[in-house]
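Structure record follows, encoded as structure tokens.
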Amino acid sequence: MDKERIRSFADKVYDDMAGTMAVAMAYVGVKHGLFRAMAGRGAMSQADVVAASGLQPRYVEEWLKGMVTAGYLDYDAAAETYALADEHAYLLASEGTDHFMGGLFYMATSLMGVAPKVAEAFRTGGGVAFSEFGDECIHALDMLNQGSYEQRFTDYWLPAMPDVVARLQNGGRALDFGCGVGRASLAIARAFPDAHVVGLDIDAESISKARAKAEDAGLADRVAFVAQDVGTYRPEERFDLITACDCVHDLADPGGTLEAIRALLKPDGTLFVGEPKAADRLEDNINPLGTVFYGFSIFHCMTQSLANGGPGLGTCMGPKKTEALLRAAGFSRFEPLDIRSATNLFYAARP
């Protein structure tokens with residue numbers, strides 16, 4: 001055996017473990033507002049951070065030291081002060097923006113929480129259903145998506161389909177399939193006051209949260225949130241636009257579900273699909289984002305589908321399989337959309 005390769009791989013394992021610990025510590029930093037407490041404050045003593053956060057001193061001390069070793073915080077050894085660089089705060093203390101990365105930390109800890117159950121499924125089959133992930137996973141998904149849905153969905157993503165925008169401006173009908181807590185649905189309602197908007201999701205808890213957000217936003221009279229399976233949903237009219245954001249690869253019955261979605265579209269309507277930015281070939285996914293996506297797949301997306309008897313398409317389904325699924329479901333036109341994103345690919349499909 002190559003001893004140098006052994007040493008090199010041992011270093012990689014330590015690096016990966018260090019990354020895992022950094023993510024867990026960063027989760028605490030986001031959850032308890034430690035990054036926010038330090039943002040824009042420059043050099044701070046440990047006592048300063050304790051006072052600003054209101055947290056327990058011994059825990060704060062160890063967290064500060066851990067975040068320094070992980071490269072998240074700067075440390076002045078002479079002054080014994082800690083600082084969160086503005087460039088790091090831009091990503092760590094910017095909740096609600098389209099560049100906030102804190103949702104990744106929340107998601108990672110949610111996924112690791114079900115890791116033992118997923119590991120058991122490797123042996124026995126089946127998987128972990130969405131209901132088993134708990135409320136914090138719903139919150140994690142919202143944190144991941146909020147900024148993009150509120151700041152890009154109607155200003156950047158939908159304008160890639162000018163005909164759809166024109167319809168919504170003129171009172172068209174939109175269905176947000178797999179709406180979760182309703183961020184995209186509310187963004188559509190906010191941007192197109194004359195449109196009729198429905199958010200549909202099978203998870204009752206997510207729909208409850210979506211209705212609460214609609215009330216808080218003053219949009220409850222313009223968005224209807226429905227907790228129902230798309231296969232049994234029977235609206236009075238069909239839709240000009242149906243959105244399916246980051247959910248097609250999760251489906252337990254992708255063929256049947258996409259056929260049901262197509263049946264809800266007007267003959268000249270459009271299905272807008274957003275999927276993770278994964279390539280068709282494994283060799284093209286050998287990068288950090290590919291690793292993140294495969295981890296999300298095993299511990300979240302694929303296992304949910306398998307838990308419900310589905311095919312477990314997985315997060316890295318890729319463009320070719322996406323197109324094949326849509327065409328098999330009766331969509332005759334499939335168009336990749338020219339939307340720049342570091343993490344997603346977008347498509348328009350029409351009957």
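The values are calculated or read from the model by the stated rules, or taken from the named source; none is laboratory data. Computed from a prediction, not measured in an experiment: that's the story for all the values here. Cβ atoms come from the backbone with ideal geometry, glycine included; neighbour counts cover every protein chain shown. Heads up: the accessible areas ignore ligands, DNA and RNA and are worked out on the full protein's heavy atoms, side chains in. Shrake-Rupley method; radii C 1.70, N 1.55, O 1.52, S 1.80 Å.
Some observations on this one:
- Out of Tyr90, Tyr14, Tyr27, Tyr106, sole residue that is in contact with a Cys (Cβ under 9 Å, 6 or more places away or on another chain), in a helix (DSSP H, G or I) and under 29 Å from Cys137 (Cβ atoms): Tyr106
- Of the helices (runs of 4 or more DSSP H) contained entirely in the range 245-351, those carrying at least 3 residues that are aliphatic (A, V, I, L, M) and over 17 Å from the mean Cα position of the chain (by Cα) fall at 254-264, 319-328.
- Complete set of residues in the range 96-110 that are open to solvent by 50 Å² or more (accessible area, probe 1.4 Å) and either of a type in the set (Phe, Trp, Tyr) or in contact (Cβ under 8 Å) with a residue 60 or more places away in the chain (or both): Leu104
- Hits in the range 273-295 (condition: open to solvent by 40 Å² or more (accessible area, probe 1.4 Å) and either under 22 Å from Gly126 (Cα atoms) or not hydroxyl-bearing (Ser, Thr, Tyr) (or both)): Lys277, Asp280, Arg281, Leu282, Glu283, Asp284, Ile286, Asn287, Pro288, Leu289, Val292, Tyr294
- Scan of the range 201-228 for residues that are part of a helix (DSSP H, G or I) and open to solvent by 40 Å² or more (accessible area, probe 1.4 Å), ordered by number: Ala204, Glu205, Ser208, Lys209, Arg211, Ala212, Lys213, Glu215, Asp216
- If you check Arg190, Arg183 for being more than 23 Å from Ser131 (Cα to Cα) and either crowded, with 20+ Cβ neighbours inside 10 Å or touching a helix residue (DSSP H, G or I) at 6+ places or on another chain (Cβ under 8 Å) (or both), only one passes: Arg190.
- Hits in the range 30-63 - residues which are farther than 19 Å from Asp76 by Cβ and either modelled with pLDDT under 95 or not in a loop (DSSP other than H, G, I, E, B) (or both): Val30, Lys31, Arg36, Ser53, Pro57, Arg58, Tyr59
- Per the listing Gly172, Gly134, Gly113, the residue uniquely under 30 Å from Thr243 (Cβ atoms), open to solvent by less than 70 Å² (accessible area, probe 1.4 Å) and in contact with a Ser or Thr (Cβ under 9 Å, 6 or more places away or on another chain) is Gly134.
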